[in-house]
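**Student:** Have a look at this one before I ask anything.
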Amino acid sequence: MQRNEFYPHLFQPIELAGRRLRNRIVHASISTHFMDQGGGHDRQVQYLANRARGGAAAIVTEPLGIAPHQPKFRLRVYDDAMEDFGRRWADAVESLDCRLLGQIQDTGRGRHAPGRNPNAIGASADPDDLSWTMPHAMSKGEIRAFIDSAAESSARLARWGYSGVEISAGHGHLFHQFMSPRSNRRDDDYGGCLENRTRFVSELCAAIRSAAGSGFIVGVKLPGDDGVPGGIDPAMAAEIAAHLVSRVTIDYVAYAQGAHHRSLEMHLPNDSYPRLPYLAMTRNLAGATPGVPVMALGRITDPAEAEGILARGDIALIGLGRPLITDPAWPLKAGAGRARDIRYCVNNNTCWKIAVGHAPLVCDNNPRVGLPDEVDFQPAPAAARRRVVVVGTGVAGLEAAWTAAARGHAVIVFGASSEVGGKTRLHARLPNSESLSSVYDYQFAEAQRHGARFELGVRAGAERILAERPDVVVLATGARMVWPSCLPPELHALGLVPDLRSAMGDLERLQERQRGRAVILDMDHTEGTYAAADRLNELFDEVIVLTPRERIAEDVALVTRQGILRRFHLQRIRWHGLVEPIWSEAFENEARLEYASVYGGIVGHIDDVAFFAYATPRRPNDELAAPLRDAGIDVRLVGDCRVARHVVDATLEGHAAGMSV
Ligand SMILES: Cc1cc2nc3c(=O)[nH]c(=O)nc-3n(C[C@H](O)[C@H](O)[C@H](O)COP(=O)(O)O)c2cc1C
């Protein structure tokens, strides 16, 4: 076996239960929700095959249906009618020298979507911390039946060609609920002491092993630190892991953080967490299970990090969740010394937000998730070379530019700023947001590599654009925040109250702290507004966010909102819901801003206001469309310039435009 010259530890094969993994990279379980959609079955198989073709050594599937009370969109392993489809998953992956592990999971009482789960089962009749779902406390007979059903399903998986299973015993799901003293109040053999609380999982492992036979991988994803008072902390996690591996043979152990609680955010660390946030903890936990391969997991973004993790020898496997959504060819590119070609995960958790809504998986930095040509995607040449002008260098414009250039078109890109990236670049410079730069960095590098010509620092008008004799113009000129209706229109012209984006641009060079308070009117509810609040908090005495909605951050993923609310609390950033600022002389004369309830009546005021800006819905900057169309040009509007939304929409639309010109 030849040693990989770039990342020798990462590409060192390993055996689990006698089965060979060609390297150390394991695709962590990701619920894609492709199968909730009509025709989504093929996309699901394609999604898995793409990760295998991209070089992962093993893939953990999304949770499988192992009992009839579980959601029907899962691959129902207990149902013979699903055999052909189940075998297709295995063939698609195993035939590409990648081990497929089915995930055994039940959410128990855990729920992070609105509403309650009427079919929830649990250790005890105690409500879920997040949704307050009340589970039915499982009887011993029901526990036995569940174990039998999971074991039978595992035996089927073995017959269908799967290499093994992963028992998902973290994340605050059912098995975690049994192991945690917080949610297990039983007084029988499955409750009380640690041995009893882990009995469900150890019996499950043993039953699967005996049903599926030797040579079938049984891995376990355990809680590392669930962040719940009275729950499982790293010390207890070490005891649980040590106890389990002393009772049953486990082929690898991975650790998940957080639970269905305010701590849910911990399982998907974003830029507000340090890089490799759980590595030190995982190294400590590895000491509890000597001889058992341990998987590091959680915000491992690039191959150099992965190589460094493995080099010490105490960690055997690298789990990648979001990074392999973004780039299934991450392993291939790393192994070939092409790490610079990886499209990196930006940790924005758009994938999770979408999946929670049961919509098919999408990614801020991968517009082709689960499509047949996704791996190391290179656009096919266009039938005829056309002249394409792209106006705007935000992520929508750049995505259109690189894909059109890669297809062989002559692409000219106008950007009003001397730097590319548009508003996403401004956002990436704010606290806890730096990963976003990976979106436009990749696009810009690819556009240049494929010969797109950039005219930066040029605010091109219709005449300048027409002078390029374009066949197609892609308008990606973004959008501007509208003046809020709660403030008098005549105030707009005075320029006393800026929009938040312009204001943050102006503040960028400010280093020294300012006296007074900063106030944001928040009618935006996306990440950038709260990153701006974090930055203002570095500069001003106090930051206060006012919103007419019930609460802040409603348009971000729950896990992201949890982090924002926590940080706001810790940094003493205040926010008030269901209010709107009121304009009065007091603002100009005394720097006092009054605010009213949305139901009427002044309810408070803020003194010493040194900064006041609004973040509101954005109106398209589409003024160029009409004159260009009048001149007979095929004009395509993309991203905010069409309808202002999120990074993911801009990437997707820019991509579609670049692929269709
Ligand atoms: C969209 C999405 C869906 C996920 N679905 C599951 C799941 O069904 N089962 C599971 O155990 N973990 C799930 N996870 C968690 C991942 O397996 C992994 O633990 C987490 O993403 C941290 O790894 P990362 O930082 O490499 O993304 C999901 C994560 C994301 C982003």
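**Student:** Exactly one condition in (1) assigned to a loop (DSSP other than H, G, I, E, B); (2) touching a residue at least 40 places away in the same chain (Cβ under 8 Å); (3) under 27 Å from R619 (Cβ atoms); (4) open to solvent by 40 Å² or more (accessible area, probe 1.4 Å) is false for P484; which is it?
**Tutor:** (4) is the only condition that P484 fails.
**Student:** Follow-up question, since we're still on this one. Quick check: anything in the range 205-219 more than 29 Å from the chain's Cα centre (by Cα), farther than 23 Å from L101 by Cα and open to solvent by less than 10 Å² (accessible area, probe 1.4 Å)?
**Tutor:** No: the range 205-219 contains no residue that is more than 29 Å from the chain's Cα centre (by Cα), farther than 23 Å from L101 by Cα and open to solvent by less than 10 Å² (accessible area, probe 1.4 Å).
**Student:** Still on this structure, please answer the following. Quick one: is H243 within 16 Å of the ligand (Cβ to nearest atom) and either of a type outside the set (D, E, K, R) or without any contact (Cβ under 8 Å) to a residue 24 or more places away in the chain (or both)?
**Tutor:** Considered against the rule, which asks whether it is within 16 Å of the ligand (Cβ to nearest atom) and either of a type outside the set (D, E, K, R) or without any contact (Cβ under 8 Å) to a residue 24 or more places away in the chain (or both), H243 comes out as no.
**Student:** May I pose another question? Looking at (1) in contact with a strand residue (DSSP E or B) (Cβ under 7 Å, 6 or more places away or on another chain); (2) open to solvent by less than 20 Å² (accessible area, probe 1.4 Å), which is the one condition that is false for H267?
**Tutor:** (2)
**Student:** Among (1) free of Cβ contacts under 8 Å to residues at least 24 places away in the same chain; (2) under 30 Å from T350 (Cα atoms); (3) of a type outside the set (F, W, Y), there is one condition E542 misses while meeting the rest; what is its number?
**Tutor:** (1)
**Student:** Mind checking which pairs have a first residue in the range 160-184 that is within 11 Å of the ligand (Cβ to nearest atom) and a second that is in a loop (DSSP other than H, G, I, E, B) and polar (S, T, N, Q), Cβ under 6 Å, 6 or more apart or different chains?
**Tutor:** Pairs found: S168/Q105; H173/Q105; H173/T107.
**Student:** Anything in the range 304-314 that is open to solvent by less than 20 Å² (accessible area, probe 1.4 Å) and within 13 Å of the ligand (Cβ to nearest atom)? List them, or say none.
**Tutor:** Result: A306, I309.
**Student:** Tell me which residues, restricted to the range 155-172, are in a loop (DSSP other than H, G, I, E, B) and open to solvent by less than 20 Å² (accessible area, probe 1.4 Å).
**Tutor:** Result: Y162, S163, A169, G170, G172.
**Student:** Tell me, yes or no, whether the range 574-590 has at least one residue that is more than 30 Å from N349 (Cβ to Cβ), in a strand (DSSP E or B) and open to solvent by 30 Å² or more (accessible area, probe 1.4 Å).
**Tutor:** The answer is yes; a qualifying residue exists.
**Student:** Also, I was wondering about something else. Where the second residue is among the hydroxyl-bearing types (S, T, Y) and not in a loop (DSSP other than H, G, I, E, B) and the first is over 15 Å from K221 (Cα atoms) and near the ligand (Cβ under 10 Å from one of its atoms) and lies in the range 269-298, which pairs have Cβ atoms under 7 Å and are six or more apart or on separate chains?
**Tutor:** Hits for this filter: N270/T560.
**Student:** Taking into account only those residues within the range 601-648 that are part of a helix (DSSP H, G or I) and free of Cβ contacts under 8 Å to residues at least 12 places away in the same chain, which is least open to solvent (accessible area, probe 1.4 Å)?
**Tutor:** The residue in question is A626.
**Student:** While we're here: State yes or no: is A237 assigned to a helix (DSSP H, G or I) and either within 11 Å of the ligand (Cβ to nearest atom) or of a type in the set (A, V, I, L, M, F, W, C) (or both)?
**Tutor:** yes
**Student:** Looking at A113, A150, A137, A155, can you tell me which residue is of a type in the set (A, V, I, L, M), modelled with pLDDT of 95 or more and under 30 Å from the mean Cα position of the chain (by Cα)?
**Tutor:** A150
**Student:** Is there a residue in the range 124-144 that is open to solvent by 10 Å² or more (accessible area, probe 1.4 Å), among the aromatic types (F, W, Y) and in a loop (DSSP other than H, G, I, E, B)?
**Tutor:** yes
**Student:** Please go through the range 316-326 and pick out each residue that is surrounded by fewer than 24 Cβ atoms within 10 Å (Cβ to Cβ) and more than 11 Å from the ligand (Cβ to nearest atom).
**Tutor:** A316
**Student:** Taking the range 34-72, which residues are within 21 Å of K221 (Cβ to Cβ) and of a type outside the set (A, V, I, L, M)?
**Tutor:** Within the range 34-72, Q44, Y47, R51, T61, E62, P63, G65, Q70, P71 meet the criteria.
**Student:** Quick test of your reading of the structure: I232 fulfils all but one of (1) assigned to a loop (DSSP other than H, G, I, E, B); (2) open to solvent by 10 Å² or more (accessible area, probe 1.4 Å). Name the failing condition by number.
**Tutor:** All conditions are met except number (2).
The values are calculated or read from the model by the stated rules, or taken from the named source; none is laboratory data. Computed from a prediction, not measured in an experiment: that's the story for all the values here. All Cβ positions, glycine included, derive from the backbone under ideal geometry; neighbour counts span all protein chains shown. Side chains included, ligands, DNA and RNA excluded: accessible areas come from the protein's heavy atoms. Shrake-Rupley method; radii C 1.70, N 1.55, O 1.52, S 1.80 Å.
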